[in-house]
Structure formats: structure tokens, C-alpha cells
1. List the number of the failed condition for Y299; all other conditions in (1) at positive phi; (2) touching a strand residue (DSSP E or B) at 6+ places or on another chain (Cβ under 9 Å) hold.
2. With the condition kept exactly as written, say whether any residue in segment 201-209 is assigned to a strand (DSSP E or B), farther than 30 Å from N351 by Cα and open to solvent by 80 Å² or more (accessible area, probe 1.4 Å).
3. Please work out which residue is nearest to K266 (Cα to Cα), limiting yourself to segment 333-351 and to residues that are crowded, with 18+ Cβ neighbours inside 10 Å and not hydroxyl-bearing (S, T, Y).
4. Select, from G249, G231, G237, the only residue that is in contact with a helix residue (DSSP H, G or I) (Cβ under 6 Å, 6 or more places away or on another chain) and of a type outside the set (A, V, I, L, M, F, W, C).
5. Which of the residues belonging to segment 274-292 are open to solvent by less than 60 Å² (accessible area, probe 1.4 Å) and either assigned to a strand (DSSP E or B) or acidic (D, E) (or both)?
6. Kindly evaluate L193 against the criterion of being on the phi < 0 side of the Ramachandran plot and within 14 Å of the chain's Cα centre (by Cα).
7. Pick from segment 42-64 the residues that are assigned to a loop (DSSP other than H, G, I, E, B) and modelled with pLDDT of 70 or more: which of them is least open to solvent (accessible area, probe 1.4 Å)?
8. Using the structure shown, decide if G399 is under 17 Å from P286 (Cα atoms), of a type in the set (G, A, S), open to solvent by 20 Å² or more (accessible area, probe 1.4 Å) and modelled with pLDDT of 90 or more.
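The values are calculated or read from the model by the stated rules, or taken from the named source; none is laboratory data. Nothing here was measured: the structure is a model prediction, and the numbers come from that model. FYI the Cβ positions are ideal-geometry reconstructions off the backbone, even for glycines, and counts take in every protein chain you see. Just so you know, the surface numbers come from the protein's heavy atoms only, side chains and all, with ligands and any DNA or RNA stripped out. Shrake-Rupley method; radii C 1.70, N 1.55, O 1.52, S 1.80 Å.
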Amino acid sequence: MKKLLTLILILILSVTFLLFHDKGNELIKPYLSDYLTQYLKSQLKQDVEVEIEDLKIDIDNFRCTTLINRRTKVQLKGDLSLSEIKTKDKIISNLQIDIDQGDIEELLQISKHKSYAKGKIDLQIKIPTLEENRYRGIITTKLYNILLDEKIIKKELDIEVPPKTVINGTVDGKLDEESIIANGKIETDLANLDFKQAQYNLKTKILQSDYHLHIDDLSKLKPISHRELRGSMNIKGDIYKDKNLTIKGVINDLEGDINFTLVDKKLQAIISDISVQKLIYTINYPQIFKANLTGELNYNLAQKRGIFTSKLNQAQLLPNQLTNLIKKIQGADLTKDRYNETTFNAKFNKNIMGFDFNAKSDTTELKLYPATINSLNNTISANYTLEINNKDIGGKIKGKINDPRITIDSSKFIQREVIDKVKDYIKIDDDTLKKIGIGEKEQEAVKDLFRGFFR
């Protein structure tokens, strides 16, 4: 009996020495490092090296510093309760995991994700208990100069990201049995993104979140928009992701509202009383007229095809090449009119936009049809017809959008001018016809004959 008690005492003292003594901790480190390395290799199906640099186990707590693949340092600490040794998941509580300036590419690989980015990350995870089916925790992250890999993101997520996009920001979240709830702020050289409540359901795999996207300089989006935009923009809305991604939002920067819904690359936008001048400034086209625009856009982002229909309220032409030309040859100032019946409709087919424009006032009607804009070479080709006080003139608008050439159909213009001048000199009235002996029945026939020469 004494020998048995002595053996038990020796074992207890040995375990106590290994667990709670510095030298004992040093002896345990290589074995624990090897165990964690083999465990992570089996779980992740890839080569992982775990090295324990520091280990301190006391009676009621522990601290541990590990190095993953010689790049990412992980600090672990928590409370110990050896009285719960029979229930393994209750031995450790209040577990805290800290990663300071960790390698995000390494962490993505360890978590079985593609290398979407490179850079550094601070990560802090607090887990009250490791009990099964009682998952709870608090997660805090901070991102430092994260460089996105646009090629991998495009291939894996089908999302276009401009080259050399860098991200900084913070994300805080809570974990429970069913979901992760997070809020954060992401800053990039393109735009800033805030979200107050993003929720991901661990069972249904559904993500839903609010968002506020602020773009301080739209010209930086040229690699995505493929055009030089101007100004700034704020977009607020909601995101819902199950099998498909649904993004809803509203834009208020153009005086009116643009409410849009994007579902699986199919975009629908309802436009209410936005300023045409602000819209044209934003898309960097020449200022031609001012009005408030109401309309609807349906566009397929994958096919790059769509339809746009709109009406313009109280449209007024602004001085441009066409109005200046008409004023010189006709004397009419088109900028003085209010065009109460104005429509603009367009069809998009990849890089070509075909459109028709019709503006009508009490005295003037302007039509552009057929008309096309090529976004690749930024050119316009359009036929126009202008009717002023029942006198029409027509021609073509062709060339670079910012400086097109406007021509007049010379044959129609000369014919109309000749007719007007001849009519001024030739008077066909009843008294003249009577003097030359033509009766009333013949008078109308003669009038028609003369008029026919000048139609």
C-alpha cells in the first residue's frame, strides 16, 4: 500500500511539475507543437507548421504563444478549471485568441479560402466557453493595407476589382449558436463602406446587411465603369444573399431619387425627378439641356443589354453648337423655349446605345432619330429634324461626343429658302386672275399649279 501511495504521489508531483513549472512547460512545448501541427494538417489537408514559442500553465489559467508557418504569431490565454477534467469542453473557459499583425494570406489558406489578398491583420477572438452547442464569442478585426488580388477575386467570386486596390478598416462581430452579427467600416482608395448590422446565419447560409457606400471621387472608378466619371456619390441600401445576391439601394445626389434593385446581375432602376444637368455632369457628357427627368432602366450586366425610357419635365435647351447654328441661319433662339413634351428613350447593346430624343414646345419641335452613341470610342452619330413655326430644317450630328460636327441638309434648306423668296414675289390672288380673264372655277386649279412648283 505504501508503495502504491508513493507511486501515485510521484505521478501527481510529476504532472504538477510538467503543468505548473516553467521547466516542465519547456519540456511540454515540443510535444504540444508536434501535436498541433499534425492536427491542423489532418484538418486542413495541407502542410502547416506550428511552433510553440512560449507556454505558461498555472493552476487556474494558461498563456501560450504560437507561430504558424513562421509568419503568423498567435497569442492564447484563458482560465483553467481542473475540477471539470471529466468534461473536456469545460476545462478551458474565457479563451482569448490574439493575432497581432498577422499575415492575412496565411490565415486565408488555413481557413481553407483562396488567397484573395495580402497584408496584415489584427484579430481578437473572445470565447466564454467551449461547451458543445453553446458557441458564443466576440470577434474584433483591424485591417492594414490589404492588397486585393483582382484576378483571383474575378475568377472565384466573379467580381471586378480594379488593380492595386488597397483596403483598411475595422470589423466587430458577435458569434452565437445560429449566426454572426457584425458592424464595420472599410476604407479603400476607391470608396468607403459602412455597415451597422450584417448578419450571417450559420445554418441557412443566408447573409443580410445594411450598407452605406461613399465614393468621394467617381473618376477613380474608371477601371470598372470604363468611362471618366465626375463628382462624388452616396449609396445607401440593403444586401441579401442566399443562392443569389440581391442589392437594393437609393441615390439622392442628383436632386431627385434613383431607387434600384440588382438581382443576379439584372438591374432595375426607377428614376424620380433627377436633375439632367447633374446627371450629364456626372457621366461627363456635354451640357445640352436642363430639365427634371423621370424614367426607368432595365439592364442585364452580364449581357450588357438593356432598355431606358424617360420623360423630361420643363426641358430647356442650353446654348450649344446646334442652337448657335440655328440662330445664325434662322434667327430663332431655341434656348428661349420651354419644351413641355420631351422624351428620351434608349436601347443598350454592349458598347452601342441607340436612342431617340423628341422635344416639343408651342412653336418648335426637335427630333433626334436614328441616333447612336459608341462608348468605346466616345462618338455620336445622329440625324436631327427641327421644325420652327411649321418650317423644318434637318441634318446630321457626327463625331466625338464632346465636340461633334453638325451639318445641315443643304438641298432641303436651299429648296425651302427658294420657295420662301419666290412666294414673296409672286402673288396669286383672285383680282389678278380676274384681270387676265380666268373664271372662278379655273382660279383654284391655277393656284394649285403655281403652288405645286414650290412644294
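1. (1)
2. yes
3. Among those that are crowded, with 18+ Cβ neighbours inside 10 Å and not hydroxyl-bearing (S, T, Y), it is F348.
4. G231
5. The initial filter retains those residues of segment 274-292 that are open to solvent by less than 60 Å² (accessible area, probe 1.4 Å), namely 274-276, 279-280, 282-286, 289, 291.
I274, S275, F289, A291, listed by residue number.
6. In short, yes.
7. Among them, the one singled out is V48.
8. Spelling it out, G399 is indeed under 17 Å from P286 (Cα atoms), of a type in the set (G, A, S), open to solvent by 20 Å² or more (accessible area, probe 1.4 Å) and modelled with pLDDT of 90 or more.
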